[in-house]
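Here the structure is laid out as structure tokens; the discussion comes afterwards.
Values quoted throughout were computed directly from the atomic coordinates according to the rules given, and no laboratory measurement underlies them. Keep in mind that what you see is a predicted model, and the values were worked out from it rather than measured. Because the Cβ atoms are built from the backbone with ideal geometry, glycine has one as well, and the counts that use them run over all protein chains shown.
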């Protein structure tokens with residue numbers, strides 16, 4: 001039986017991949033989970049049934065995060081169903097690859113719309129609506145600091161997401177914890193930015209996990225479940241020490 005607590009978490013892009021693993025792990029730890037998806041309801045509904053079969057609670061929510069009205073409606077639905085929201089995990093993202101010279105306007109605008117504007121839309125709602133003691137977790141990527149020419153637009157959106165997290169975690173939101181998680185050279189680093197420290201980052205996290213034998217092999221499932229465990233730990237309360245584990249960059253949409 002799943003241990004139950006009163007916390008409610010929205011996970012964007014949660015119908016598959018890393019997002020689904022995060023949602024499932026949060027549910028296993030007693031969170032009520034809002035499983036956000038953008039188009040196909042079948043994987044999200046299957047995940048909700050899986051969570052409920054283990055005595056967890058889940059609600060699916062269709063919303064294109066690049067649409068501010070859709071995001072507003074998703075928060076409304078979560079509040080109507082469960083009385084409030086405690087955790088936001090910004091996981092949704094797309095990663096079409098091409099050099100900057102070869103990237104067309106439509107591809108650029110779609111990546112910026114989902115990865116950057118989508119995160120801004122959810123951060124804005126969360127900053128206004130999370131309950132006291134809330135948590136915001138933004139997923140970043142190691143490609144921000146790597147020389148990979150075909151990741152130019154994607155890396156740019158993720159760098160901006162990190163800046164948004166830094167700026168949100170100021171004195172005006174003392175109850176909100178913003179964490180940037182970066183997959184760097186096969187190591188996941190959780191950087192927790194807390195209020196009351198003038199936006200100076202504090203390196204924190206949870207207990208170390210076993211290492212993946214192939215940090216760059218996206219087919220292995222261990223990285224996504226390691227990230228899921230980290231996210232659940234950060235969502236539950238103040239972590240205590242820095243930690244790293246092997247993982248791999250992935251499309252999280």
Given 74-86, 101-113, the highest-first ranking by average Cβ count within 10 Å works out to 74-86, 101-113
Return 98, 39 ranked ascending by Cβ neighbour count within 10 Å, so the fewest neighbours appear first. 39, 98
Would you please state the base-10 log of I(q)/I(0) at q = 0.15, 0.17 1/Å for the stretch 1-91, with intensities from the Debye formula using one equal scatterer on every alpha carbon? -0.46, -0.60
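Determine by what factor the alpha-carbon radius of gyration of the stretch 30-73 differs from 2.2 N^0.38 Å, reporting the quotient. All intermediate terms of the calculation are to be shown ahead of the outcome.
Values: Rg = 11.2 Å, N = 44, 2.2 N^0.38 = 9.3 Å.
After normalising by residue count via 2.2 N^0.38 Å, the value is 1.21.
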